[in-house]
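Right, one structure below, let's go through it.
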Amino acid sequence: MSRSTGAVAGPAATVTVRVPAKVNVQLGVGGLRTDGFHDLANVFFAVALGDEVRAEAGAPGSGIVLTCEGPDAALVPLDATNLAARAAQLLADRHGLAPDVRLHIAKDIPVAGGMAGGSADGAAALVACDALWGLGTPMADLLALAAELGSDVPFALLGGVALGRGRGELLTPLEVSGSFHWVFATADGGLSTPAVFRECDRLREEAGTGSSDTDVPTPDPSAVLLAALADGDPVALAGALGNDLQAAALSLRPALAACLAAGTEAGALGALVSGSGPTCAFLAKDEQGAQAVAAALIASGTCRTARATVGPVPGAAVVDR
């Protein structure tokens, strides 16, 4: 990929970037590698629920200043561990710049909810700082920087629908027709992605299958699922949804089973835990069906919030400068 971010020459005073959340319509997990990662067949799907990151030029020597607003803002770290701050630092280091920037996150993606909210903010910060500083970095280079930040960050740059191989960072865009309607039900509290992967390994050992990459084959994407995406067929897609981490997420948070059941009983075509959870994703037939599922989930008391949205949508993009 060689397309640029669309940044124009010369720095800007303020840049705002919108970035989507993701759902994994398939998350195939291979065995534990010696480097601590797992090979994945990860079909990412970007949805309209998203965050915005605003970058403003800071005073010389001020460094990176991070602020956040939104429903889960209190859960967002505002130090150097935040992926948005790490992204700004990485981009500045790569170009030999002083990272004097104020980053403000308008947080709407659930924190630690399995929808890659932190990764999305990292991707948005890359695009925002690139435009703020007038760098015009090619997309291929931004994707390489994103992969250094984390496995889910490259997809937040790309958006749409894509297959992630390796640990998820090696992306191939996938053909998709039309739009699909989703409902996302959030739970109180988050789940640690590393903890869910560890639980997946533990459950595999307990089942006697082994958990290493010599025991568990490298997963492949589902041909049925890829065809459903290409055909724009929500019924076929619902039947092909899959998440190898779901059993681990349910083991750590058994109450999620009631949420999945409530959405299914309300008419969802398909349901699964999103990524490492604890957010639950429900695929609906159409917009009206999604609104009905969301209302039923809220009434069921099995989740904190439930929101209908649509996808796929593009990746991180400048919306104001």
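Just so you know, all these numbers are worked out from the coordinates, no wet-lab data involved. Source: prediction; values computed, not measured. Cβ: placed from backbone, ideal geometry, glycine included. Neighbour counts: every protein chain shown.
Report the FRET efficiency, 1/(1 + (r/R0)^6), for HIS95 and ALA74, where r is their Cβ-Cβ distance and R0 is 25 Å, rounded to 0.05.
Working: r = 33 Å, r/R0 = 1.32.
For HIS95 and ALA74, the calculated efficiency is 0.15.
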Query raised in the report: Between rounded, prolate and oblate, where does the stretch 169-321 land on the alpha carbon gyration tensor, with a ≥ b ≥ c its root eigenvalues, rounded for a/c under 1.5, else prolate if a/b exceeds b/c?
Result: oblate
Query - With 20 Å bins from 0: P(r) over the chain, alpha-carbon pairs, percent - result: 34, 57, 9
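If you average 1/r over every pair of different alpha-carbon atoms in the stretch 14-175 and take one over that average, what Kirkwood value in Å do you get? Can you show the working numbers first?
Numbers: mean 1/r = 0.0633 Å⁻¹.
The Cα-based Kirkwood calculation yields 15.8 Å.
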Report task. Report Rg (one decimal) and Dmax (nearest whole number) for the stretch 158-221, counting Cα atoms only, units Å. Result -> 16.0, 42
Report summary line: Long-range amide H partners of HIS38, meaning residues 5 or more apart or on another chain whose placed amide H is closer than 5 Å, are ARG33
